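Scroll down for the structure; my scribbles are underneath it.
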Amino acid sequence: MRVAVVSFPGSNCDDDCVRVVGEVLGRTAYKVWHADHDLQGPDLVILPGGFSYGDYLRCGAISAHAPIMADVADFARRGGAVLGICNGFQILTEAGLLPGALHRNAGLHFICRDVHLRVEGLATPFTAGLAGRVLKVPVAHHDGNYHADADTLARLEGDGQVVLRYCHPDGVVDAAANPNGSLGHIAGIASAAGNVVGMMPHPERCAEPLLGNTDGLAFFQAALQTLGG
């Protein structure tokens, strides 16, 4: 399995993603520069977290127009698996590969702490076999408040495109478990086809015992099994 991790100016989780795929899971992972036009034949593309282009204009707004994103969009249209984590999720919405937008957190503060996520909805390459599980994964964002118009939200809910929801450790979903004010307590969504997924939490930051938590590894393992890696 080959995994391309796209690096933008200001990305700071690209090396973390490469480490999880390459050193923890023993698969081929490599970085692709934002100005390139060649994804080099991946089975999976990851848009990592960070502050691409300094979050100028809006988070992900400039990155969405980077040269490599034309190739990412083409890869996604052909059914390729794409995962956007945190800033990567923001980029996917700005690029039109996922609906909605990420607004500033309801409290207008940067949030960096563990949260709990309930896996539901479509069996995407990153959530296959995980439905119903509650996973503890850290968030680190200032603009993670998911918003979409009423019709879009209804479609996402009706079609099972909400794949991750903020919850309590027992799986109960309510406002108290929502760290940023996201509508529907949404932490992650999928495209209609299910091959493109965006999530605000950082699974790459909790994917090996040294970090004190391995819940995030489940998303990467699901991708390996689904994509035949």
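Throughout, read-outs are computed from the coordinates displayed, never taken from laboratory work. Remember, predicted model here, so these are calculated numbers, not experimental data. Every residue, glycine as well, gets a Cβ built from its backbone with ideal geometry; the counts of neighbours run over all protein chains shown.
Overview of values
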{"item": "Sequence ranges 196-206, 115-125, 20-30, 150-160, ranked by mean other-Cβ count within 10 angstrom, highest first", "result": "196-206, 115-125, 20-30, 150-160"}
{"item": "Residue exposure sequence - 111, 189 - by fewest surrounding Cβ within 10 Å", "result": "111, 189"}
{"item": "Net charge of neighbours whose Cβ lies under 15 Å from the Cβ of residue 202, counting Lys and Arg as +1 and Asp and Glu as -1", "result": "-4"}
{"item": "Proximal charge balance of residue 136 [Cβ under 9 Å; K/R count +1, D/E count -1]", "result": "-2"}
{"item": "Length gained when the stretch residue 159-residue 112 is fully extended (0.36 nm per residue, less Cα-Cα span)", "result": "13.9 nm"}
{"item": "Whole-Hz ³J(HN,Hα) from phi, Karplus 6.51 cos²θ - 1.76 cosθ + 1.60, for the stretch 111-117, glycine and proline x", "result": "10, 9, 6, 6, 10, 10, 10"}
{"item": "In order through the stretch 189-194: 3J(HN,Hα) via Karplus (6.51 cos²θ - 1.76 cosθ + 1.60), integer Hz, x for Gly, Pro", "result": "9, 10, 5, 4, 7, x"}
{"item": "For the stretch 32-39, 3J(HN,Hα) per residue [Karplus equation, 6.51 cos²θ - 1.76 cosθ + 1.60, θ = phi - 60°, Hz, x = Gly/Pro]", "result": "10, 6, 4, 8, 7, 10, 8, 7"}
{"item": "Nearest-0.05 FRET efficiency for residue 12 and residue 172, computed from C-beta distance (R0 41 Å)", "result": "0.80"}
{"item": "Interchain or long-range residues, amide H under 5 Å from residue 163's placed H", "result": "188, 189, 190"}
{"item": "Mean separation of Cα contacts under 8 Å (6+ apart) over length of the stretch 111-229, as relative contact order %", "result": "31 percent"}
{"item": "Environment charge at residue 33 (Cβ cut-off 15 Å; Lys +1, Arg +1, Asp -1, Glu -1)", "result": "-4"}
{"item": "Amide H contacts under 5 Å for residue 3, placed H, 5+ residues apart", "result": "28, 29, 30, 43"}
{"item": "Residues with amide H under 5 Å from that of residue 115, placed H, sequence gap 5 or more", "result": "137, 139"}
{"item": "In the stretch 43-126, the chymotrypsin sites (Phe, Trp or Tyr not before Pro) that fall in loop regions by DSSP, at most 13 other Cβ within 10 Å", "result": "56, 110"}
{"item": "Net lengthening on full extension, residue 151/residue 40 (0.36 nm per residue, minus Cα-Cα)", "result": "36.2 nm"}
